[in-house]
């Protein structure tokens, strides 16, 4: 290595080594920041929740005897509304994804994919506004009819809500909101199924539906399940749509159409937090911690399922 | 897989029974009854096609309804006053969302200033520097962060700052920006890593073989090559957090007045504006709802423009499909 090549900057100089150290340090610091940030989310939530977790009965909002009694109806409402939303969204998402991947003409399919992505971009508060001002008045007569004629069925037990602001309305709004992500995942999985199997099925005389059942759906089962789990995680954490679309109460009730509906953890925080003080605020933070843990578990299960599917291939 | 296809071979004639007198296993599995007549199979196919198309049409209905309602209702107050006035001492008609628009720009801008450097640098660490085990650990953390509900991010920011300032009523735009960063950083990292990994290894090898130090290889070769993708990812991340309501509702609070200083006092943002106009209606709800819809229209327009810009940037740099 002569002085000449060094002058051309081909060999590392002291400045280069310093640059490597500085830049390498910066990117490492950024990586560490992310890990620290996640840890901080857990630590600070726990720290601020402790007063409520350790509180005696009577101090908590609603004079709940213990934190568990306080959070239980909310946790129920969270899981119940998310489950309803998924029950509505799953068949639709699979149908839309199939339509885009296997039914629509290719040129149309691309535009349709964009339309579905557009749904994902609409802010949740707009969905909430739409849910309460457009959807709720629209479905209220239907709810009244259901209660009148099918009221013997426990889910449709009366009295019917006069405003349409029920857990079912919230679940419909949630379903519309989680559709895009579920559709996107399903679509990708459907497009990734082995093309040769599909062609073989068609060549052997299968109808399109038989081809889908034999060559597409079996290969995509894992992907559909992970789409459901990710949609579930979204629905569990969604706040504004639920806060706006149902009239909340601290009850555990499976009935879909009544004026008293179980609130969700997230909606309860959004509605109560501005006025909360003292131990009430801590209690809300503690419910947030519970929500964090629930979504964490759902997300991890979803990832494990995705990984398991990849491993099987 | 191949066994699943076996029924199709015999699809047009009844399958042969085996010695036990029962249908062979492949013909019984999967619920496909092969002896069904051609007409029945055609009918099922038609029903399935109709069901799939209906599902699609059904999903388009809410979107169409939402967009048309927002545009029709929102245009009522989509006027000059809406963009030039705040809600200070407005009790009925009139007023605007200037304070909310300024707040949204400042809060989202601050969040981007924090999230973009941290997110892109962390992505470079994951894609270029870290050992495989470390990099999958960081990506795992990023995935977990992606799953944090937005309201929990708000609670975290509140918990952090209320402890720091020992003030249970602490509210400011900056805390909102921190909450948004928690949501935005993982999105930036995820998309950036994907685009950095698209850069061909030969480019790095060529640069390193010429004796260029690693940091200059990354900043002069890898990053410029994936610049379009990185920018697209950042814009989409901004579009994702700009509509966030819940965390800002609890940590930035709401106000009717202008506040240009993100570091003190409550700060309005556009999504929270929409929510409060709906939630705190006056005796005559009409002007409040009109303002709410106008705010929703502005939000949708912002998000759509951001998505469009992201698409154009991606196309201009030719690295996005």
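Only the coordinates and a few stated rules stand behind these numbers; no lab work does. Owing to the predicted nature of the structure, the values given are computational and were not obtained by experimental measurement. A quick note on method: Cβ atoms are made from the backbone with ideal geometry, for glycine too, and the neighbour counts reach across all protein chains shown.
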Ranked packing of A:201-208, A:234-241, most packed first, by mean Cβ within 10 Å: A:234-241, A:201-208
Exercise: per-residue mean of other protein chain Cβ atoms within 10 Å, A:192-204: 2
Spatial separation of Cα centroids for the range A:250-309 and the range B:273-321, in angstrom: 26 Å
Relative contact order, percent, the range B:226-321 [alpha-carbon distance under 8 Å, six or more residues apart]: 42 percent
Chain A, helix-only ellipticity at 222 nm - DSSP H runs n ≥ 4, -39,500 (n - 2.57), divided by all residues, nearest 500: -24000 deg cm²/dmol
Inter-part distance where the range A:127-172 and the range B:42-65 are each reduced to a Cα centre, Å: 24 Å
Computed E for residue B:209/residue B:105 - FRET, C-beta separation, R0 51 angstrom, nearest 0.05: 0.65
CD proxy at 222 nm, helix term only [per DSSP H run n ≥ 4: -39500 (n - 2.57); per residue of chain B; nearest 500]: -22000 deg cm²/dmol
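Going by how many other beta carbons lie within 10 Å of each one, how would you line up A:145, A:72, B:293, fewest first?
Lowest to highest Cβ neighbour count: A:145, A:72, B:293.
How shielded is B:159-170 by partner chains, expressed as the average number of their Cβ atoms within 10 Å of its Cβ atoms?
What the average comes to for B:159-170 is 3.
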Label point distance in nm, residue A:118-residue B:143, each placed 7 Å from Cα along Cα→Cβ: 3.3 nm
The range B:236-282 - Rg (one decimal) and Dmax (whole number), Cα, Å: 11.2, 36
FRET efficiency estimate (nearest 0.05) - Cβ-Cβ, residue A:32 to residue A:163, R0 45 angstrom: 0.35
Likely footprinting exposure, A:66, B:162, A:161, B:226, fewest C-beta neighbours within 10 Å first: A:66, B:162, B:226, A:161
Space enclosed by the convex hull of the alpha-carbon atoms of chain B, per residue, Å³: 257 Å³
Relative contact order [Cα under 8 Å, 6+ residues apart], the range A:70-312, whole percent: 30 percent
Set of the range B:184-226 residues, backbone N closer than 17 Å to the point 7 Å along the Cα-Cβ line of residue B:315: none
Rounded, prolate or oblate (a/c below 1.5 giving rounded, otherwise prolate when a/b exceeds b/c) for the range B:258-321 by Cα gyration tensor: oblate
Cα gyration tensor shape of the protein assembly as shown, rounded if a/c is under 1.5, else prolate or oblate by comparing a/b with b/c: oblate
Relative packing of A:95-102, A:291-298, B:175-182, A:16-23, which averages over residues the other C-beta atoms within 10 Å, highest first: B:175-182, A:95-102, A:291-298, A:16-23
Convex hull volume per residue in cubic angstrom - Cα atoms of the range B:137-229: 133 Å³
Label-point gap, in nm, between residue B:257 and residue B:71 - each point 7 angstrom along Cα→Cβ: 3.9 nm
Cβ neighbours within 10 Å from other chains - mean over A:93-104: 4
For the range A:70-312, radius of gyration divided by Kirkwood radius, i.e. Rg to Rh on alpha-carbons: 1.04
Burial ordering of A:199, A:59, fewest other beta-carbon atoms within 10 Å first: A:199, A:59
Spacing of the two label points (7 Å from each Cα toward its C-beta) at residue B:220 and residue A:260, in nm: 7.3 nm
Cα centroid separation, the range B:160-213 to the range A:21-37 (Å): 10 Å
